[in-house]
Amino acid sequence: MLDKSKRHKNILDILKRRKIISVQELLTLTYSSKSTLRRDLIALEKQNRLIREYGHVKLIESKNIEYSYNARMQEHQWEKRKIAAIAMQLIDSNMTLFLDSSSTLYELTSLLNTKRNLTVVTNGIFNAEQLDQFKNVHTFLAGGRLYPGTGSVLGEYATSYLNHFKVDLTILSCSALDAHGVYMSSSKQASLKRKMMQIAKKTLLLCDSSKFEHTNYFKLSDLAAIDTIITDKAPSIALRDALITADTTLLF
């Protein structure tokens, strides 16, 4: 049997080629026992080298996850601010909202002090920190595991926490969007956001145009599950036609 450092290198070399792989296939490729592979994957996850999600393993390609989150905060800022301004037109005083932990929603939270008596539930620590400055907002932060560098509280505890709420509007972002649906790069994010959608009367998706016509590892929902999509410019004719078929409102 290879020593631990060589086993870890072998796993990472496989992931660099494949990006995402099932645990079962990784067992075959590494010739490891289930217990050995499990220990190796746990160790590499603690080093922020990979993510284990529902029978699959995904490579973390960024050199630093926290930098990756900060980088997303800097990307497409003009587009996110435009989208947030449009979204504010759909938010009324006295509403109860669920906001996800995305950088797009961070732009929206900065505007919520203009409304009266809002209740906001979020799984984003940076969003909660910003909302804490506003006396007009009652903020609830989901409990659970804080995933390093993501600013997100995720997992079964966070998801079960949402059972205590029924909200007027869930507002979320995504990793990718095409004519077949809405996608996330993380199954844990997708799972929590599906729960967010279930507890809401309506769902609003904020998605800048850089995410159009792409897919990602995990499907969040069909387009028909989204009531309104707000973006910064018109999508392709094919995507617009798909939104019409899904009876999803498009604003830009």
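So here's what we get for this one:
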{"item": "Segment 4-61 - percent relative contact order, Cα under 8 Å, separation 6 or more", "result": "40 percent"}
{"item": "Order of 73, 196 - criterion: other Cβ atoms within 10 Å of each residue's Cβ, fewest first", "result": "73, 196"}
{"item": "Amide H partners (placed H, <5 Å) of residue 60, local residues excluded", "result": "50, 51"}
{"item": "Eligible lysines near residue 6 by straight Cα distance, threshold 29 Å, same-chain separation 8 or greater", "result": "16, 19, 34, 46, 58, 63"}
{"item": "Pair residue 244, residue 12: separation of 7 Å Cα→Cβ label points (nm)", "result": "5.1 nm"}
{"item": "Euclidean distance between Cα centres, segment 195-252 to segment 112-148, Å", "result": "24 Å"}
{"item": "For segment 178-226: rounded, prolate or oblate by the Cα gyration tensor [a/c cutoff 1.5]", "result": "oblate"}
{"item": "Members of 135/166; 82/211; 80/115; 188/211; 82/166 lying beyond 26 Å, as alpha-carbon distances in this model show", "result": "82/166"}
{"item": "Sequence-distant residues sharing a close amide H with residue 95 (under 5 Å, placed H)", "result": "119"}
{"item": "Cα Rg, Dmax, segment 4-61, angstrom units", "result": "9.8, 26"}
{"item": "Check: the chain dipole with +1 on Lys, Arg Cβ and -1 on Asp, Glu Cβ, in debye", "result": "920 debye"}
{"item": "Likely footprinting exposure, 174, 207, fewest C-beta neighbours within 10 Å first", "result": "207, 174"}
{"item": "Length added when fully stretched, residue 85-residue 119, from 0.36 nm per residue minus Cα-Cα", "result": "10.3 nm"}
{"item": "Rg/Rg_globular for the chain, with Rg_globular taken as 2.2 N^0.38 Å and Rg from C-alpha atoms", "result": "1.08"}
{"item": "Computed [θ] at 222 nm, helices only, for the chain once each DSSP H run of length n ≥ 4 contributes -39500 (n - 2.57)", "result": "-11500 deg cm²/dmol"}
{"item": "Contact order relative to length of segment 76-251, as percent, for alpha carbon pairs under 8 angstrom and 6 or more apart", "result": "20 percent"}
{"item": "Interchain or long-range residues, amide H under 5 Å from residue 140's placed H", "result": "120, 121, 122"}
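Bear in mind that the values in this text are calculations on the coordinates, not laboratory data. Bear in mind that the values here come from a model prediction, so they are computed numbers and not experimental data. Don't worry about glycine lacking a Cβ; one is built from the backbone with ideal geometry, like all the others, and counts go over all protein chains shown.
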